[in-house]
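Read through the structure below, which is laid out as structure tokens, and then see the notes.
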Amino acid sequence: MHVLGKVCTWLLFPLVIAGVVLAGQAINVRNSWTEKADKLRDENTKRAAQIAEKEDKLYDLRDQRSMLERSWGRFWTSDNVAVTDPQQGIISTGIGTRAKLLLPGQQELPIVYGFFTPDNGAGRYIGPFKVIDARDDSSSMQLTKLVRPNDVATWPNGKWRFWRFVPTEYTNRHDHLWNMLVSAEEDLSHVEDLKRQATALNERAQEQILERVGELEGGPQIPMGVKGLVESLATAEQERDEQLLAVDQLRRKIHGSQEELQGLIEESRTLMQQLPKPYLDTAATPGSEKN
């Protein structure tokens, strides 16, 4: 064999070995990419199902949002709500005409529904508020329901949210409970008034009882020097008994005097009968001559 052929043959062996190594590595790379492609294909299949599920959920949320907007309208959030007049139920907010609190061309100030929305915890429905003063970046609102100072005292300052509308099913339920609460408070106030009247009548009755007892038994309730009725009656009865005893003694004395007088009369009659009869002179008696 020619020397050049031998040299080429020896040079070919490393190339063949390198080619085999490179081929092996290429196969490994291909297998790795094939595995990754299969994995990505499976992941894409799963993600496609998740995407389809999330798209369905997104459509549902859009439908719910549309229904929510139709039922609740838009909303405004104010981070600096404060109660300015508890007696009138007036609050100040950081919402104004710049936040489109008034609709284009709207002349009458609107009514919105206020919710307290803390950062932590559940929100709280406060009630309907009428905008009474709207400025660019602030406004004043007043509660349209009966203002209960004890309830207003629980209104927290801070972050509130105001909705344009509230579904009637919620407002009707709240109005029903509100009316029941107001009615119960009126009944309680009436009962308390009756209780105060009963207490006043009881106190007056106790005073009258003390006065009557004082009149009967005597005491500081009657004028100085005036005896009680019981003592007066006892004194009067004692005086009556004394008078009756005196009258009885007088009657006995009169009866004895009458008996003594009757005896004297009888004795006088007896004595008169014992006296001699007077002598009658017939000659001196007128008319005796005729006889």
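Every number in this text was worked out from the coordinates using simple rules, so none of it is lab data. In this text, all values refer to a predicted model and were calculated from it rather than measured experimentally. In this analysis, Cβ positions are derived from the backbone assuming ideal geometry, glycine residues included, and neighbour counts consider all displayed protein chains.
Derived scalar couplings between HN and Hα for the stretch 132-146 equal 10, 7, 10, 10, 5, 10, 7, 7, 10, 10, 10, 5, 8, 8, 4 Hz in order, rounded to whole Hz, by the Karplus curve 6.51 cos²θ - 1.76 cosθ + 1.60 (θ = phi - 60°), x for Gly and Pro.
Electrostatic bookkeeping for LEU194 treats Lys and Arg as +1 and Asp and Glu as -1; over the other residues with beta carbon under 14 Å from its beta carbon, the sum is -2.
Extension gain ASP136-GLU108, at 0.36 nm per residue separation less the Cα-Cα distance, in nm?
On the way: separation 28, 0.36 × 28 = 10.08 nm, distance 1.63 nm.
Stretched fully, the ASP136-GLU108 segment lengthens by 8.5 nm.
Once you order the gyration tensor axes a ≥ b ≥ c over the Cα atoms, which shape class does the stretch 169-219 get: rounded for a/c under 1.5, otherwise prolate or oblate by comparing a/b with b/c?
Since a/c reaches 1.5 and a/b is larger than b/c, the shape of the stretch 169-219 is classed as prolate.
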